[in-house]
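These notes concern the structure reproduced below.
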Amino acid sequence: GSGDAEACAQAVPTTARAGKRAAETLADKVKREQALLDEELEAARIGAVRIRNAEGAFLGQLEAREFSMPNPGGGPDLLEKASYTLQRGGSYALVGRNGCGKSTLLKAMASRRVGAIHPAVTVHYVSQEVELTDRTLSMTPLDLVVHADLERRLLIEERDALIAAEAKG
């Protein structure tokens, strides 16, 4: 999550003025990359829901062979020549020390940056940090939970578009 990004950004020396500028530049780069990753994650979620609604659920296994995952804060890759196979119905645990990249890996998988996640598979990634917008701040807790249901939101949007099209004639 962005906690990993902050830890990476804080690891840059900031004793000299030039070092401080470099740390700010790295922090900006990490924030920009996180925003792009969030956009990719949302696009992957929307795509998966639409494909699943059109074609049905993906019933195969997920298999990724030899992928690498860069460190979002720079430095050596977090993973090199990694692979995985996930069977439908299986339960899996990702175990490691704090800050070693577990959340980064899960978010990269959910956004389809690493591994071979079929486009019809919905990956439910729950961020460690909550970013509230003006819109979400005005919602009740129940409204927030209902809003998180992407499939429901897409169906309501589709319904509204059909109603509007029908009204136009």
field: Matching residues, region 52-67, being in contact with a Lys or Arg (Cβ under 8 Å, 6 or more places away or on another chain), open to solvent by 60 Å² or more (accessible area, probe 1.4 Å) and not acidic (Asp, Glu)
entry: Leu59, Gln61
task: Go through the residues of region 122-142 one by one and say whether even a single one is touching a His at 6+ places or on another chain (Cβ under 8 Å) and among the polar types (S, T, N, Q).
output: yes
message: Quick check on region 150-157. Is at least one of its residues closer than 29 Å to Pro72 by Cα and outside any helix (DSSP H, G or I)?
response: no
- prompt: Can you name the number of the only condition in (1) basic (Lys, Arg); (2) in contact (Cβ under 8 Å) with a residue 60 or more places away in the chain; (3) touching a strand residue (DSSP E or B) at 6+ places or on another chain (Cβ under 8 Å) that Arg112 fails?
  reply: (3)
task: For region 73-81, indicate whether the set of residues that are surrounded by fewer than 14 Cβ atoms within 10 Å (Cβ to Cβ), without any contact (Cβ under 8 Å) to a residue 60 or more places away in the chain and within 19 Å of the chain's Cα centre (by Cα) is non-empty.
output: yes
field: Candidate set: region 103-145, residues that are touching a helix residue (DSSP H, G or I) at 6+ places or on another chain (Cβ under 7 Å), over 29 Å from Leu62 (Cα atoms) and not in a loop (DSSP other than H, G, I, E, B); chosen: the one most open to solvent (accessible area, probe 1.4 Å)
entry: Leu144
- request: Can you give me the number of residues within region 88-119 that are among the charged types (D, E, K, R) and farther than 18 Å from Pro70 by Cβ?
  value: 2
- prompt: Residues in region 156-163: is at least one modelled with pLDDT under 90 and either more than 17 Å from the chain's Cα centre (by Cα) or surrounded by 15 or more Cβ atoms within 10 Å (Cβ to Cβ) (or both)?
  reply: no
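The values are calculated or read from the model by the stated rules, or taken from the named source; none is laboratory data. In this text the structure is predicted, and so the values were computed from the model without any measurement. Methodologically, a virtual Cβ is constructed for each residue, glycine included, from the backbone with ideal geometry; neighbour enumeration extends over all protein chains shown. Remember, those area values only see protein heavy atoms, side chains included, never the ligands or the DNA or RNA. Shrake-Rupley method; radii C 1.70, N 1.55, O 1.52, S 1.80 Å.
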